[in-house]
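Chemist: Attaching a single structure in structure tokens format; questions to follow.
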Amino acid sequence: MAVLLLPLAGYGLARTGAVPEGTPTVLGLLCGIIGAVFLTELCEERSPFRHSSSHLTARTLTGERSVDLNRIATVRLLTTFSYSGPHRTLVVCDADGVRLGITTKRSRGKLRRAIEKADANAARGVPRPQVSRAARTYPDLAPGRGLIVHTALAFLLLTTSATLYVVVAVRLGGQ
């Protein structure tokens, strides 16, 4: 969040005369690009990664993370866009609050089996993890249009927020 809020600090410094007037605009555009790329990559799995029967462990940009598959709290689908098309990451959070972005086919298979096991255990009174409709559709857990709706909404949210961010940065830089 600090990266995305940096242009506001630049605006404050420009108002006091400490930096040139165009600084917030330049900072806004640079921080928007860096933030969009960097923030989505923080918890995404990188090799080397290890799988056990109850844990997914992988190296991320912030260090090694290990998610307990027997204590999954939430699973969400994060979709970003690039020239090659949509890039999808399943963000898993366990009961301890550890987040890991799942991108490989093998990890998705382990996650799918863990969710199926948790759904089966829900009949015995064990709390079921919160799994979004798009996250269930992406690893083929349930049929439906959840992935299409999710992708369209993610694209609209991304374009709208990026446009508003640039407009605010340009307006602040022009004052």
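Chemist: If only one of 86, 129 is closer than 30 Å to residue 29 by Cα and touching a Ser or Thr at 6+ places or on another chain (Cβ under 7 Å), which one is it? It would help to see each step written out before you state the result.
Modeler: Values: 129 fails: closer than 30 Å to residue 29 by Cα.
Every option except 86 fails the conditions.
Chemist: Let me ask another. Against the condition in contact with a helix residue (DSSP H, G or I) (Cβ under 6 Å, 6 or more places away or on another chain), at pLDDT 80 or above and β-branched (Val, Ile, Thr), how does residue 137 come out, does it pass?
Modeler: Values: in contact with a helix residue (DSSP H, G or I) (Cβ under 6 Å, 6 or more places away or on another chain): yes; at pLDDT 80 or above: yes; β-branched (Val, Ile, Thr): yes.
It is true that residue 137 is in contact with a helix residue (DSSP H, G or I) (Cβ under 6 Å, 6 or more places away or on another chain), at pLDDT 80 or above and β-branched (Val, Ile, Thr).
Chemist: Within the range 113-129, work out how many residues are more than 15 Å from residue 69 (Cβ to Cβ) and of a type outside the set (Gly, Ala, Ser).
Modeler: Qualifying residue count for the region: 1.
Chemist: Is it the case that residue 14 is open to solvent by less than 50 Å² (accessible area, probe 1.4 Å) and modelled with pLDDT of 70 or more? Let's see the steps before the verdict.
Modeler: Details: open to solvent by less than 50 Å² (accessible area, probe 1.4 Å): yes; modelled with pLDDT of 70 or more: yes.
Against the criterion (open to solvent by less than 50 Å² (accessible area, probe 1.4 Å) and modelled with pLDDT of 70 or more), residue 14 qualifies.
Chemist: Scan the range 19-47 and report the pairs whose first residue is closer than 19 Å to residue 86 by Cα and assigned to a loop (DSSP other than H, G, I, E, B) and whose second residue is at pLDDT 70 or above and β-branched (Val, Ile, Thr), with Cβ atoms within less than 6 Å and a gap of 6+ or a chain change.
Modeler: Close Cβ pairs (under 6 Å, with a partner that is at pLDDT 70 or above and β-branched (Val, Ile, Thr)) amount to 42/62; 43/60; 45/103.
The values are calculated or read from the model by the stated rules, or taken from the named source; none is laboratory data. In this text the structure is predicted, and so the values were computed from the model without any measurement. When we count neighbours, we look across all protein chains shown, and the Cβ atoms used for this are built from the backbone with ideal geometry, even at glycine. Heads up: the accessible areas ignore ligands, DNA and RNA and are worked out on the full protein's heavy atoms, side chains in. Shrake-Rupley method; radii C 1.70, N 1.55, O 1.52, S 1.80 Å.
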